[in-house]
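Colleague: Have a look at this one.
Here, each number is a calculation from the coordinates, and none is a lab measurement. Since we're looking at a predicted model, the values are computed, not measured. Cβ placement follows ideal geometry from the backbone for every residue including glycine, while neighbour counts extend to all protein chains displayed.
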Amino acid sequence: MFIAIKIKKKLVLLIIIIVLVVIGTVIFREALREYLKISYKKFYFANPSYEEIINLEKDLNINRIDYNWTEDLIFNNKPRKIIFHHAARSIWDPEGINEFHKSKGWKGIGYNYYIRKDGSIYLGRDEYAEGAHTKGENSSSLGICLEGNFEEEEITKEQFESIEKLTHYLILKYDIYKIMGHRDVYETLCPGENFPLEYIKEKVLINIKSIS
């Protein structure tokens, strides 16, 4: 009996070691991929067809608004990153954000996408247009903002489902190599303490590997 207990302990220890090695390997692979700036789709050999990309876009049911830009947008964006933001207000529609950004002297809403609490997705600036959401990153990234203040509240289930689908779509469409929060590149609390960035990254990996 004593021998059996020792064997069981060794098996448990072995399983723990294997799990830690697997986790460590995943972390190392992701760190290496980001360091080399290799996109998700190239690193994991995900090659969706044009039709698949179109179908993913249709599934998003993206809403489009006439923002009445104060100036012509500059189309020089080459997306390599996705940067998440929060509105820092519990309730705020895209029209309100557009007017607020104009009051700051901007051309209009600075984000590329906005996701409301009910999960509805709104296009902001065109994906190829220079953004106004993250200093130093506006011509090499896509800015996604979510309605809510995630220093005080949680992301809704509907928002999470939408952000997962939208992120998956953009990663397959562009050579995105990094997804991050605003605070990762700027001194700010955005997108808030309760924003589930790491969980979103995990879902991105699961989804991208499923089509590799």
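Colleague: Put a dot 7 Å past each Cα toward the Cβ at Glu30 and Ile91; how far apart are the dots in nm?
Modeller: In this crude spin-label approximation the distance works out to 3.6 nm.
Colleague: Additional query: May I ask for the distance between the Cα centers of segment 60-74 and segment 161-212, given as a whole number of Å?
Modeller: Centre-to-centre distance over Cα atoms comes out at 23 Å.
Colleague: Pairs Lys165/Lys209; Lys37/Lys178; Lys107/Lys178; Lys178/Lys203: which exceed 19 Å Cα-Cα?
Modeller: Listed pairs above 19 Å: Lys107/Lys178.
Colleague: Once you treat every alpha carbon in segment 38-210 as an equal point and sum by Debye, what is log10 I(q)/I(0) at q = 0.11, 0.12 Å⁻¹?
Modeller: -0.42, -0.50
Colleague: Hey, another quick one. Give the longest segment of the chain that steers clear of trypsin sites (Lys or Arg not before Pro) in DSSP loops with at most 12 neighbouring Cβ atoms within 10 Å, not counting the sites themselves.
Modeller: The longest such stretch corresponds to 136-212.
Colleague: Does segment 80-173 come out rounded, prolate or oblate, given a ≥ b ≥ c as the square roots of the eigenvalues of its C-alpha gyration tensor, rounded meaning a/c under 1.5 and, failing that, prolate meaning a/b above b/c?
Modeller: Verdict is oblate for segment 80-173.
Colleague: What do you get for the angle between helix 50-60 and the principal long axis of the chain? Use alpha-carbon atoms, 0 to 90 degrees, nearest ten.
Modeller: It is inclined by approximately 80 degrees.
Colleague: Using only Cα atoms and rounding to the nearest 10 degrees, what angle (0 to 90) does helix 2-35 make with the longest principal axis of the chain?
Modeller: 30 degrees
Colleague: Continuing with the same structure: Nothing charged except the Cβ atoms of Lys and Arg (+1) and of Asp and Glu (-1): what's the magnitude of the dipole of the chain about its Cα centre? Round to the nearest 20 debye.
Modeller: 1360 debye
Colleague: Here is a follow-up. Using a Förster distance of 41 angstrom, determine the FRET efficiency expected from the C-beta separation of Lys135 and Glu51, and round it to 0.05.
Modeller: 0.65
Colleague: Could you give the length gained by full extension between Lys102 and Lys203, i.e. 0.36 nm per residue of separation minus their alpha carbon distance, to one decimal place?
Modeller: So the chain would gain 32.9 nm between Lys102 and Lys203.
Colleague: If I build a Gaussian network model for the chain, linking alpha-carbon pairs within less than 10 angstrom, which residue out of Tyr35, Tyr67, Tyr177 has the largest mean-square fluctuation?
Modeller: Most flexible of the set in this elastic network: Tyr35.
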